[in-house]
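Asks: What follows is a single structure, and I will ask about it in a moment.
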Amino acid sequence: MLLHGAFRGPWAWDFVRPRLEAAGHEVHTPDLSASDATLSGCIRILEDLIAGRGLAGVCLVGHSQGGFVARAASQRLAPCIAELAYLDAPVPAHGQRAFDFRPAGAPAPAVRWGEAVPPRPLAPGPGVSAEQAAWVNERLVPQAVAVSMEPVRLDDPAALALPERYAFCSLTPPGYPSQATRAACDRADIPYTLLDAAHDAPMTAPEAVAVWLLETG
């Protein structure tokens, strides 16, 4: 199951999904992009999908903010999950909010529960062609801030014992939330894969992402 990041939707996996399906995997890409979304609401979407499809042994993959959602959801879905895979994602500790991953010293954003903020267009640059940026920008949507305001509870021993895999993107700019998790992995000597790709790797380097996912299960 593939979870998209902020300002994106299920379309973010359009180039990865067929590669995984060609390898024999059943792939689901739930939509967590509603303008009134909350973190709890995103978790309920995943619960309903897993229950409705009778899924088990799920590899729950989160890109960017989707990784935050994946770890939060694991607390409710541990019996159905075989593995958590985080792709250039901020991975929270108990009590953290997504907003807590902003760069050190950055002021708290002036937003309120229930609001949605407009997307910032993706610019061409290292690892992102002009055509790729245009494709992404045509599809971006506002992001509900409530998803980032709700703290995560990590108190289920079964969820905390789930296997976890990490990949980060070598071309992600400093200050992105995933960089805090990468630094934490370095401090704790937690291994990870480094993809030669920009942050939006599912759209700009789908083959590399698919290879990593197939290697990790």
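Each reported figure results from applying straightforward, stated rules to the coordinates on display, with no laboratory input. Just so you know, these numbers come straight off a predicted model, no measurement behind them. No Cβ is skipped: glycine too gets one built from the backbone with ideal geometry, and neighbour counts run over all protein chains shown.
Asks: Please report, in debye to the nearest 20, how large the charge dipole of segment 2-216 is about its Cα centre when each Lys and Arg carries +1 at its beta carbon and each Asp and Glu carries -1 there. Could you put the intermediate results ahead of the total?
Replies: Values: 16 positive and 23 negative charges, 84 e Å.
Around 400 debye, computed over segment 2-216.
Asks: Let me ask something else. Can you compute the modelled spin-label distance between Ala82 and Arg44, with each label point 7 Å from Cα toward Cβ, in nm?
Replies: Result: 3.0 nm between the two label points.
Asks: What is the sum of charges around Trp135, taking Lys and Arg as +1, Asp and Glu as -1, for the other residues whose C-beta is under 15 Å from the C-beta of Trp135?
Replies: Numbers: positive: Arg8, Arg139; negative: Asp14, Glu131, Glu138, Asp200.
Around Trp135, the charge tally is -2.
Asks: Can I ask one more? Once you list every other residue whose beta carbon is under 14 Å from the beta carbon of Glu83, what net charge do they have if Lys and Arg are +1 and Asp and Glu are -1?
Replies: With Lys, Arg at +1 and Asp, Glu at -1, the neighbours total 0.
Asks: Same structure, new question: Hey, how many Å between the Cα centroid of segment 134-204 and the Cα centroid of segment 1-43?
Replies: 14 Å
Asks: Let me ask something additional. Starting from the Cα gyration tensor of the chain, multiply each eigenvalue by 5, take the square root, and state the resulting semi-axes largest first in whole Å.
Replies: 22, 21, 18
Asks: Ok, one more. Taking the Cα centre of segment 173-217 as origin and charging only Cβ (+1 Lys, Arg; -1 Asp, Glu), how large is the dipole, in debye to the nearest 20?
Replies: Details: 2 positive and 6 negative charges, 36 e Å.
Dipole of segment 173-217, to the nearest 20 debye: 180 debye.
Asks: Show the residues, 5+ positions off or on another chain, whose built amide H is closer than 5 Å to the amide H of Gln143.
Replies: For Gln143, the qualifying residues are Val117.
Asks: I would also like to ask the following. Mind checking the dipole of segment 131-217: about its Cα centre, +1 per Lys or Arg Cβ, -1 per Asp or Glu Cβ, Debye to the nearest 20?
Replies: Details: 5 positive and 12 negative charges, 34 e Å.
Here the size comes out at about 160 debye.
Asks: Give me the one-decimal nm value for the distance between modelled label points at Ala34 and Ala51, 7 Å along each residue's Cα-to-Cβ direction.
Replies: Result for the modelled spin labels: 1.5 nm.
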